[in-house]
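*Asks:* If you scroll down you'll find the structure; I have some questions about it.
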Amino acid sequence: MNPVRCLVVDDEELARVLLENFIGRVPGLVLEAQCTNPLEAMAVLRQRPVDLLFLDIQMPELTGIEFLRTLQQKPVVVFTTAYADYALEGYTLDVTDYLLKPFSFERFLQAVNKAIAALQAKTAVERPAAETPPPDKDHILVKADHKVHRLKFDDILYIQSMREYVAFHTPAGRILSLNSLKNLEEELPADRFIRIHKSYIAAIGKIATLEGNTLHVGKEKLPVGAMYREGLVGRVF
């Protein structure tokens, strides 16, 4: 897990020093800043992200609770206060823990462990679905005869250019579609198909032998262009 960036907001210097000391003793915690009031904390949060906020409640001008209500994007929060009366209100604000002053290092560590668990859960929820790699595509959509064919890569032997059309050759026959080999080179997976001629793309898995400048694909014999031969030999043979 990445370092947990911490911000301490407390108007008491001794409380700030204690938290700085405790944070420094825990591997993985980094003290980004310490502030004497919520207004200073607002400035810090505008400048850089913070993962974990240790927040006092009773402070002049703006209480910790009032400050927390102003935040649209809240870090994980642990209240630190000398007053037990605010515990219930703190939990209604989705505060992770409530440290009642004076607190020990052991109690501080318990709060940190709860905060890290909350951060991990929050990260899992916010992680975009795009981070989960999509399954490998196994087909191409081919428009032909006023239909859309879902043509599997495994069924393609080779593709032939026929002026403005291309012919997809399969064991079941051929499908003519308005397209170009140049477009198909960009769309088809490079690990499964290879350009062998200005007029042909071959399925690598269907290639049997290369004889001179003739490529055997299934039962068909396809010409190999001079400018494509070296690439074919390097990748397939």
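No value in this document is a laboratory result; all are computed from the given coordinates. What you see is a predicted model; the values in this text were computed from it and never measured. Glycine gets a Cβ as well: all are built from the backbone with ideal geometry, and neighbour counts include every protein chain shown.
*Asks:* Which value in Å does the Kirkwood hydrodynamic radius of the range 151-219 take, with 1/r averaged over all unlike C-alpha pairs and then inverted?
*Replies:* By the Kirkwood definition, the hydrodynamic radius is 12.1 Å.
*Asks:* Return the distance in nm (one decimal) between the two label points of a simple spin-label model at ALA82 and THR123, each offset 7 Å from Cα along Cα→Cβ.
*Replies:* If labels sit at ALA82 and THR123, their model points lie 3.7 nm apart.
*Asks:* Between GLU211 and ARG46, what length comes free when the chain is fully extended (0.36 nm per residue of separation minus the Cα-Cα distance, one decimal in nm)?
*Replies:* Between GLU211 and ARG46, full extension yields 52.6 nm more.
*Asks:* Here's a follow-up. Suppose only helical runs count, i.e. DSSP H with n ≥ 4. What mean residue ellipticity at 222 nm does that imply for the chain under -39500 (n - 2.57) per run, divided by all residues and rounded to the nearest 500 deg cm²/dmol? Don't skip to the end; give the middle numbers.
*Replies:* Working: 7 runs with 76 residues, N = 237.
Computed ellipticity for the chain at 222 nm equals -9500 deg cm²/dmol.
*Asks:* Then there's this: Specify the inter-centroid distance of the range 16-56 and the range 163-203, based on alpha-carbon positions, in whole Å.
*Replies:* Using only Cα atoms to place each centre, the spacing works out to 60 Å.
*Asks:* Starting from one equal scatterer on each C-alpha and no solvent at all, send me the Debye-based log10 I(q)/I(0) for the range 111-237 at q = 0.15, 0.20, 0.21 Å⁻¹, two decimals.
*Replies:* Rounded to two decimals, the profile gives -0.71, -1.13, -1.22.
*Asks:* So, one more: Using R₀ = 25 Å, calculate the FRET efficiency as 1/(1 + (r/R₀)^6) where r is the Cβ-Cβ separation of ASP11 and LEU100; round to 0.05.
*Replies:* Plugging the Cβ-Cβ distance into 1/(1 + (r/R0)^6) gives 0.90.
*Asks:* Taking only the alpha-carbon atoms of the range 1-108, what semi-axes of the equivalent ellipsoid follow from 5 times the gyration tensor eigenvalues under a square root, in whole Å, largest first? Working shown, then result.
*Replies:* Details: eigenvalues 67, 57, 37 Å².
They are 18, 17, 14 Å, listed largest first.
*Asks:* Just for the Cα atoms in the range 35-89, what are the lengths along the principal axes, largest first, rounded to whole Å?
*Replies:* Per principal axis, max minus min of the Cα coordinates gives 32, 22, 16 Å.
*Asks:* Highest first, please rank the peptides 51-64, 102-115 by the mean number of other Cβ atoms sitting within 10 Å of their residues.
*Replies:* For the peptides 51-64, 102-115, the packing ranking is 51-64, 102-115.
*Asks:* Of all DSSP beta bridges located in the chain, what percent are antiparallel, nearest 5?
*Replies:* Close to 65 percent.
*Asks:* Can you give the three extents of the C-alpha atoms in the chain along their principal axes, from longest to shortest, in whole Å?
*Replies:* Principal extents (Cα only, largest first): 86, 39, 27 Å.
*Asks:* Provide the net charge surrounding GLY225, with neighbours chosen by a C-beta distance below 13 Å and charges set as Lys +1, Arg +1, Asp -1, Glu -1. The partial results should precede the final answer.
*Replies:* Details: positive: ARG195, LYS198, ARG229; negative: GLU230.
Around GLY225, the charge tally is +2.
*Asks:* If you place +1 on the Cβ of every Lys and Arg, -1 on the Cβ of every Asp and Glu, and leave all else neutral, what size is the dipole of the chain about its Cα centre, to the nearest 20 Debye?
*Replies:* The calculation lands at about 1840 debye.
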